[in-house]
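What follows is a set of notes on a single structure, which appears directly below.
The values are calculated or read from the model by the stated rules, or taken from the named source; none is laboratory data. Since the structure is predicted, the reported quantities are computational estimates derived from the model, not experimental observations. With ideal geometry, Cβ positions are generated from the backbone for all residues, glycine too; neighbour counts draw on all protein chains shown.
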Amino acid sequence: MRQDLNEVLWEGARELRVELSEEKVKALEFFLEELMRWNRKMNLTSIRRPFEIVVKHFLDSLAVSPYLSQGCSLLDIGSGAGFPCIVLKISDPSLKVISIDSSQKKLSFQKHLIRQLRLEGIDAVHAHLPDPGIADKLSKSFDYALSRAFGSPDALLRIARPFIKDTGIIIAMKGKIGAREALKDNEIARLNMRLQRVISFTLPFIDARRTLLFFAPKESCSTKP
């Protein structure tokens, strides 16, 4: 990664309240280089310019990091080329991560990164959700379930609800209209969930609004400040 991109990553992460060590930046540099190399052969992401990958993928993924508890268990649903799960794992090696996606080629890329970066406590699983077998195997296993890939919060809630613990949190990573979308969903109450918190922010370096939507079971009220 060129020095200017290193600075973008460092400064952007700091603006999002995430401190990156030199070792973690080097791991993300390898991630970027491999993503661009693989992307020349297969379509892993439509975002291809290095600066845009750093901001729109890496920094966007890191934005949720301050709201996760250290050492927590995390499920990334529809993880694609490893966003946000592998970025979050690099940022906080204590996380226990399961990544689920329906694309074999994207999971092959994730597994390549996991091997090359020697990441421990993370596994990439091929599945088309909802999958009763996966849901039974991983029922109530996670402190957090999240996704950047689902079109509507109610769809994510239906998929993710069986996987979280009774005190677990579901996080929908959305664009600027995310909060309005969530507040229109009657499905939230039917699933015995509630919209617990809404965090809005602008991605560093570009004028792009983002929204993090936190959903919790109605009987639960805990989240990291």
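Here is how the numbers come out for the structure above:
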item: Counted residues, region 82-102 - those being small (Gly, Ala, Ser), more than 11 Å from the chain's Cα centre (by Cα) and farther than 20 Å from GLU19 by Cα; result: 1
item: Residue within region 77-90 that is within 23 Å of LEU212 (Cα to Cα), at pLDDT 95 or above and of a type in the set (Ser, Thr, Tyr) present; result: yes
item: Candidate set from region 16-40 (those that are under 13 Å from VAL54 (Cβ atoms) and charged (D, E, K, R)); member that is surrounded by the most Cβ atoms within 10 Å (Cβ to Cβ); result: GLU29
item: Enumeration of residues in region 62-80 that are buried (at least 24 other Cβ atoms within 10 Å of the Cβ) and either of a type in the set (Ser, Thr, Tyr) or closer than 19 Å to MET42 by Cα (or both); result: SER79
item: Selection count where residues are assigned to a loop (DSSP other than H, G, I, E, B) and without any contact (Cβ under 8 Å) to a residue 40 or more places away in the chain, scope region 67-114; result: 8
item: Residue list for region 130-151, restricted to those being under 13 Å from ARG161 (Cα atoms), surrounded by fewer than 18 Cβ atoms within 10 Å (Cβ to Cβ) and among the hydrophobic types (A, V, I, L, M, F, W, C); result: ALA135
item: Output for region 115-169, where each listed residue is outside any loop (DSSP other than H, G, I, E, B), within 30 Å of GLU29 (Cβ to Cβ) and of a type in the set (Gly, Ala, Ser); result: ALA124, ALA145, SER147
item: Count - residues of region 1-48 that are in contact (Cβ under 8 Å) with a residue 40 or more places away in the chain and not in a helix (DSSP H, G or I); result: 8
item: Answer from GLY71, GLY78 - the residue that is closer than 23 Å to LEU157 by Cβ and not charged (D, E, K, R); result: GLY78
item: Matching residues, region 15-33, being under 17 Å from LYS89 (Cα atoms) and among the charged types (D, E, K, R); result: ARG17, GLU19, GLU22, GLU23, LYS24, LYS26, GLU29
item: Condition check for ASP143: in contact with a Cys (Cβ under 8 Å, 6 or more places away or on another chain) and of a type in the set (Asp, Glu); result: yes
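Every residue, every condition in (1) closer than 20 Å to ASP60 by Cα; (2) in contact (Cβ under 8 Å) with a residue 24 or more places away in the chain, yes or no:
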| site | (1), (2) |
| --- | --- |
| GLU120 | no, yes |
| ASP123 | no, yes |
| HIS126 | no, yes |
| GLY133 | no, no |
| ASP136 | no, no |
| PHE150 | yes, yes |
| ALA155 | no, no |
